[in-house]
1. Give the residue, chosen from Thr242, Thr202, that is crowded, with 24+ Cβ neighbours inside 10 Å, under 25 Å from Phe154 (Cβ atoms) and among the β-branched types (Val, Ile, Thr).
2. Looking at Ala82, Ala138, can you tell me which residue is modelled with pLDDT of 95 or more, closer than 30 Å to Leu47 by Cβ and buried (at least 16 other Cβ atoms within 10 Å of the Cβ)?
3. Kindly indicate which of Ile108, Ile129, Ile120, Ile175 is hydrophobic (A, V, I, L, M, F, W, C), surrounded by fewer than 19 Cβ atoms within 10 Å (Cβ to Cβ) and at pLDDT 95 or above.
4. Return a yes/no flag: does the stretch 246-256 have any residue that is surrounded by fewer than 21 Cβ atoms within 10 Å (Cβ to Cβ) and among the small types (Gly, Ala, Ser).
5. So Asp320 clears everything in (1) closer than 18 Å to Gly71 by Cβ; (2) modelled with pLDDT under 85; (3) in contact with a Lys or Arg (Cβ under 8 Å, 6 or more places away or on another chain) except one condition, right? Which one?
6. For the stretch 209-223, indicate whether the set of residues that are under 13 Å from the mean Cα position of the chain (by Cα), over 13 Å from Leu193 (Cβ atoms) and in contact (Cβ under 8 Å) with a residue 60 or more places away in the chain is non-empty.
7. Among what's in the stretch 34-58 and is without any contact (Cβ under 8 Å) to a residue 60 or more places away in the chain and among the hydrophobic types (A, V, I, L, M, F, W, C), pick the residue that is farthest from Arg244 (Cα to Cα).
8. Counting only residues that are of a type in the set (A, V, I, L, M, F, W, C) and more than 22 Å from Gly276 (Cα to Cα), give me the helices (runs of 4 or more DSSP H) lying completely in the stretch 136-242 with at least 3 of them.
Amino acid sequence: MNRLNTAGKSDHFAMFNIRDFATLIGLFLLCAVISILQPVFLSPNNLINVVMQSSINASIAIGITFVILTGGIDLSVGSILALSGVVMASSLQAGHPLALSILIALVIGTICGLINGFLIAKGKLPPFIATLGMMSMARGLALVYTNGRPISGFSKAFRWFGTGYVFKTEYFSGIPAQIVITVALYIIAYYILKYTRLGRYTYAIGGNEEAARLSGINVKKYKMIIYGISGLMASVGAIILTARLNSAQPIAGIMYELDAIAATVIGGTSTVGGEGKITGTLIGALIMGVLRNGLNLLDVSSYLQQLIIGAVIVIAVLIDKYRK
C-alpha cells in the first residue's frame, strides 16, 4: 500500500517537469506565430478575452483530467452542462434564491456524474458506452425540460459570475470573476491530486487497477467519486457560461467534451491513465483557447477549425503513445 502512495511522486506530483515545459514552450510558440500573422492577437483586450474564453473549457477539463487519469473517458460533460444550466436558469426565473439555484446546478451535475460512475463501476459498462448514453439522455432531458427553447434574462448578481470583476480599484480595472473562479478550482484540484488520498488513489487506479484493488483500495467507490467530480465541473462550466451569455440553452455545450479532452491530452495526461498533472491541463486549455482565437482572427472557417482541432488531438495522442 505504501508503494502505491509513494510510487512516482517525483514524477506525477511535481509542479512541472520536462513535459510541462515542452507544453508551455508550445503555447508560447503558438502565440508567437499567431501574433506574427495577426498582430491584434497581442492586444490586452484580446489576450484577456482568450483567457476568459478558455476558463469554461479549463473548468470542465479538471473533471476530465481526473477521469482520464483513471484510464476512463467522459463524453457526457457537454450535455450535463446544458441540463444543469437550463434547470438552474428556470430556478432563477422562478424567483428562487441565487445560492439555491446554483446549488441545484451543482447537484444535478454531480448526480449525472455519479450515475456515470455507478454504471461503470457497478454495472461494469465501458466508460465510452456509459458516458455516451448519459450524453444522449442529459441532452434529451434538457430539450424536453425547455421544450427546445432558451431561458434568458437574469439578475446582475448572477451575471457577476460571467461578467463581473474582482480586485477592482480606482486605478485597476480588476480581474474577471470567471478567471478567478477557474484559478481557484485549479488550486483545489492540484491540492487534491498531490496531497489527498483521493489523488493518490486516482493515480493508482489508472496505473494498475487490479493492483490497486488487491492493495485494498475500494476502486468502485473512488471511480464513482471521480466521475461525480467530472459532472460537478461540467455544472460549474454551466454557471459561468449561462452568466456570461445571460442565457441558458438546451443545445449549449455541444462538442465541449472534445475541447476538454483535447486540453487534457495536450497537457500531458496519458490516455491509458496513471500519468498526468493538472498544471498541464491548464496549459492545454490555454493552448486550445489560443488556437481557436487565432483561427477566428485569421478568418478560418468553423468547419476547418474542427478539422484542425481533431488533428491536434490525434497528434497529441500519437506523441503520448510514441513517448511510451
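The values are calculated or read from the model by the stated rules, or taken from the named source; none is laboratory data. The model shown is predicted, which means the values in this text are computed figures rather than measured ones. Note: ideal-geometry Cβ built from the backbone for every residue, glycine included; neighbour counts use all protein chains shown.
1. On the way: Thr202 fails: under 25 Å from Phe154 (Cβ atoms).
Matching residue, one of Thr242, Thr202: Thr242.
2. Values: Ala138 fails: closer than 30 Å to Leu47 by Cβ.
Being modelled with pLDDT of 95 or more, closer than 30 Å to Leu47 by Cβ and buried (at least 16 other Cβ atoms within 10 Å of the Cβ) holds for just one of Ala82, Ala138, which is Ala82.
3. On the way: Ile108 fails: surrounded by fewer than 19 Cβ atoms within 10 Å (Cβ to Cβ); Ile120 fails: surrounded by fewer than 19 Cβ atoms within 10 Å (Cβ to Cβ); Ile175 fails: at pLDDT 95 or above.
That would be Ile129, the only listed residue that is hydrophobic (A, V, I, L, M, F, W, C), surrounded by fewer than 19 Cβ atoms within 10 Å (Cβ to Cβ) and at pLDDT 95 or above.
4. Step one: list which residues in the stretch 246-256 are surrounded by fewer than 21 Cβ atoms within 10 Å (Cβ to Cβ), which gives 246-247, 251, 254-255.
With among the small types (Gly, Ala, Ser) added as a condition, the list becomes 247.
Yes: one or more hits.
5. (3)
6. As a first pass, look at the stretch 209-223 and keep what is under 13 Å from the mean Cα position of the chain (by Cα): none.
Taking every residue of the stretch 209-223 in turn, none turns out to be under 13 Å from the mean Cα position of the chain (by Cα), over 13 Å from Leu193 (Cβ atoms) and in contact (Cβ under 8 Å) with a residue 60 or more places away in the chain.
7. So the first thing to find is which residues in the stretch 34-58 are without any contact (Cβ under 8 Å) to a residue 60 or more places away in the chain, and the list is 35-36, 39, 42-45, 47.
Next cut, among the hydrophobic types (A, V, I, L, M, F, W, C) only: 36, 42, 47.
Details: Ile36: 30, Leu42: 23, Leu47: 17 Å.
The qualifying residue farthest from Arg244 (Cα to Cα) is Ile36.
8. Numbers: elements: 156-163, 177-195, 197-207, 209-214.
It comes to 156-163, 177-195.
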